[in-house]
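Asks: Structure in structure tokens, see below.
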Amino acid sequence: YGWGMENGAARLHSNGGVAVDLETKTSTSITPDVGSPPVPGSQAMPTLDLLDSLFNSAANSAGKTRIESSYRLVAFGTPGIESIVSRRLATLSHQQLQLLGEVIQMIGTDARNLVALRVADPDDKKAANALLICLDFGFNEAGAVIIQALQRPSLQRLAARGAGEFNNSLAIAELMALCSKTDSELVVNCLRSLKRFADPQSSGTAQALLDS
């Protein structure tokens, strides 16, 4: 139990905060028993209507239902991801982007490369959503196209984060140049990325500016 508390107990602190010790659950009640993900590509592609229906249902569900629906999407492999990305990437909601990232992560390298390349899509919304997925799930494959993203004003804030997280030191010059912009969020993202690199000049300059 929590410090001196029993299951279901609550305690009001003098500062107005509340501590609650919820009843302990066993691991089987928390994690649904749904087995392992299927082999990607082990099922033939369904119709587009069925694929979209499964995707939408999974994005709006939780627990065992979400996992089982995600597994069905994994079974379609990279072709299923390519279909969703090519048709719907620009209009996906936050929940749908999260689901897409989860499924891509389970499918593996081919799907990761597919969404990473979309960071270079000429459509700003598609590129931004692809970059969001890569940032949220640590798909470092996007590092190969991050310099191009830094050159696009609509993507610069996200790309400035990504340059450091994807560890692309070739972006140092671009990041240094963007530090002269008036967009404070962009500048801070650039400085944080520069600080991550081993280059003594850029990381030292970034730390000094962050401390100022």
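Computed from the coordinates by the stated procedures, all read-outs in this text should not be read as laboratory data. Bear in mind the structure is a predicted one, so any value in this text is a computation, not a measurement. Cβ placement follows ideal geometry from the backbone for every residue including glycine, while neighbour counts extend to all protein chains displayed.
Asks: Ratio of alpha-carbon Rg to the 2.2 N^0.38 Å globular estimate for segment 37-142, to two decimals, please.
Replies: After normalising by residue count via 2.2 N^0.38 Å, the value is 0.96.
Asks: Roughly how many nanometres apart are two label points built 7 Å out from the Cα toward the Cβ at Asn60 and Met106?
Replies: Distance between label points: 2.0 nm.
Asks: Provide the gained length on full extension for the span Glu82 to Asp52, in nm with one decimal, where the gain is 0.36 nm per separating residue minus the Cα-Cα distance.
Replies: Gain on extension, Glu82 to Asp52, equals 9.6 nm.
Asks: Assigning unit charges at the beta carbon (Lys, Arg +1; Asp, Glu -1) and nothing else, what dipole magnitude in debye, to the nearest 20, does segment 121-195 show about its Cα centre?
Replies: 200
Asks: Label Asp123 and Ala90 with points 7 Å out from Cα along Cα→Cβ: what is the distance between them in nm?
Replies: Distance between the two pseudo-spin positions: 0.4 nm.
Asks: Between Glu141 and Lys181, what FRET efficiency comes out of the Förster formula 1/(1 + (r/R0)^6) with R0 = 30 Å and r the beta carbon distance, rounded to 0.05?
Replies: 0.65
Asks: Efficiency by 1/(1 + (r/R0)^6): what FRET value for Gln148 and Ser36, r their Cβ-Cβ distance, R0 = 30 Å, to the nearest 0.05?
Replies: 0.20
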